[in-house]
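**Student:** If you scroll down you'll find the structure; I have some questions about it.
The values are calculated or read from the model by the stated rules, or taken from the named source; none is laboratory data. No experiment lies behind these values; they were computed from the predicted model shown. Here the Cβ is made from the backbone with ideal geometry for all residues, glycine too, and neighbour counts use every protein chain on show.
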Amino acid sequence: MVHYRRNRVPGASYFFTVALEDRSSRLLVDSIDCFRRAYATMLYQYPVRTIAIAILPDHLHAIWKLPEADADYSARWRALKSMFVRDLRKSGLEIPINGKGEAAVWQRRFWEHTIRDDNDLRTHIGYVHWNPVKHGHARRVRDWPYSSFHRYVRNGEIANDWGGGSIDQRGTSGE
């Protein structure tokens, strides 16, 4: 069995990428209400501060700040993934089973990066918010509804036109 080395720092902030098993799926946005319920339940059971998040059709990016004495982000992802699958089943969606008898919804692993400093945090917040444009799901950052970008705008932390004009004006790299 492969043992992954993860950096676990209590109270740290982390950037995550979590993907569906089927990368051509639109399940996350097509079932956004199920995802939101699962996320809210996970937050109630395992408190964490969501610094930034963008939910795309087949994957999501999030930046979390864990409580001071807590470094167990894996328990949070495990809970969120299983709660989402349970809610999908409750909604009547038939969930495929993989060869191990598990729901074939999520990739088993996720990507994690420990945020090093304020500059690293700003860079990753920008990456999270720009990602729907990068993947062609929106022409402008503000056009993607499943993103914490809108909270940043409401709080006056980011201008509504952050990221510039449309993808046609900026190119696919966000430059």
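**Student:** Being of a type in the set (Lys, Arg), more than 25 Å from residue 145 (Cβ to Cβ) and at pLDDT 95 or above, is that true of even one residue in segment 110-124? Show your work before the answer.
**Tutor:** Keep residues of segment 110-124 that are of a type in the set (Lys, Arg), which gives 116, 122.
From the residues that got through so far, the ones that are more than 25 Å from residue 145 (Cβ to Cβ) too are 116.
If we keep only those that are at pLDDT 95 or above too, we end up with 116.
There is at least one residue in segment 110-124 that is of a type in the set (Lys, Arg), more than 25 Å from residue 145 (Cβ to Cβ) and at pLDDT 95 or above.
To keep it simple, each residue is scored yes or no on (1) under 21 Å from residue 126 (Cβ atoms); (2) surrounded by 19 or more Cβ atoms within 10 Å (Cβ to Cβ).
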position: 37; (1), (2): no, no
position: 40; (1), (2): no, no
position: 53; (1), (2): yes, yes
position: 66; (1), (2): no, yes
position: 69; (1), (2): no, no
position: 72; (1), (2): no, no
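**Student:** On to the next question. Go through segment 4-53 and count every residue that is more than 11 Å from residue 64 (Cβ to Cβ) and either without any contact (Cβ under 8 Å) to a residue 12 or more places away in the chain or of a type in the set (Asp, Glu) (or both).
**Tutor:** 8
**Student:** Residues of segment 114-151 being part of a loop (DSSP other than H, G, I, E, B) and within 18 Å of residue 28 (Cβ to Cβ), which ones?
**Tutor:** Answer for segment 114-151, where residues must be part of a loop (DSSP other than H, G, I, E, B) and within 18 Å of residue 28 (Cβ to Cβ): 135, 136, 137, 138, 144, 145, 146, 148.
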